[in-house]
Amino acid sequence: MTDTQIAWIKQLKKGNELAAYNLYNDYSKAMYNTLIRLTNDSEVAKDLLQEAFIKAFQRIHDLDDPKAFGGWLKRIVINRGLEHLRKSKVYFEDIEDQAEVISEEVDDRMIDNQTLHNAIKELPDGCRTVLSLHLLEGFKHKEIALQLNISESTSKTQFRHAKQLLKTKLQHHYEY
C-alpha cells in the first residue's frame, strides 16, 4: 500500500469522491479477477464488483487501519461473490465415492497464464469455485465448507477433482 493510497482512504472517510474514484481504479482489476474466477460470468462479476465497492465505500468508517484496506476490500468482494453463489445454487457434487486416483505429479512444461485461465473457466461450477477459493484465495477447506454450506469432505473432493480435470485439460492442450 502506498502513502498516496493511505491518503485517499483518509480522504474517502471525509467524503471525497475523487478518492473513491482513485481507489476504485487501483483495486478494481484485481477484485474483478477474483470475482470472475468465482462466477465465470463477466456481467455478473461486473455487477458484483460494483456492489462490493459501494458496500466498502459506505462502510469505510469501519476500517480502522488504512493499511488493511486491500485485504478488507477483498474480503467484502469474496463475501459478495459467495452470497451470489449461494443464491444461484451452484451444484457441488460429492464425488468422494468415485474410485478415481488423482495424480499429484506436476508436469514439467511451463503453462502460460491464458491457457491456465481458460482451462479453469471450463471447469464445472462447483470445482471451479472450490479451486479458486482454496488455491487462489487461500481459504481452508473448513472455511469453504462453511461459506458454501457443503461438507468439508465435499470441498476436498471438489478440489481434487478440479485438479484432475485441469491436468487432463492441460495435457490435452499440449498434445496438439
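What is the Cα centroid distance between segment 1-62 and segment 155-174, reported in whole angstrom?
Using only Cα atoms to place each centre, the spacing works out to 32 Å.
With a cut-off of 8 Å between alpha carbons and a minimum separation of six or more residues, what is the relative contact order of segment 3-88 in percent?
Answer for segment 3-88 is 32 percent.
All other residues with a Cβ under 15 Å from the Cβ of Ala20 taken together, and with Lys, Arg as +1 and Asp, Glu as -1, what is their net charge?
+2
Of the chain, which part is the longest with no trypsin sites (Lys or Arg not before Pro) in a loop (DSSP not H, G, I, E, B) and with at most 14 other C-beta atoms within 10 angstrom?
15-58
Before rounding to the nearest 500, sum -39500 (n - 2.57) across all DSSP H runs of length at least 4 in the chain and divide by the residue total; then give [θ] at 222 nm in deg cm²/dmol.
One gets -22000 deg cm²/dmol as the mean residue ellipticity at 222 nm.
Below 8 Å, C-alpha to C-alpha, sequence gap of six or more: please give me the relative contact order for the chain in percent.
Relative CO of the chain lands at 22 percent.
Charges only on Cβ, +1 for Lys and Arg, -1 for Asp and Glu: so what's the dipole of segment 3-88 about the Cα centre, in debye to the nearest 20?
Dipole about the Cα centre, nearest 20: 160 debye.
A short reminder: the numbers here are calculations on the coordinates, not readings from a lab. The structure presented is a predicted model; accordingly, all values stated were derived computationally and were not measured. Methodologically, a virtual Cβ is constructed for each residue, glycine included, from the backbone with ideal geometry; neighbour enumeration extends over all protein chains shown.
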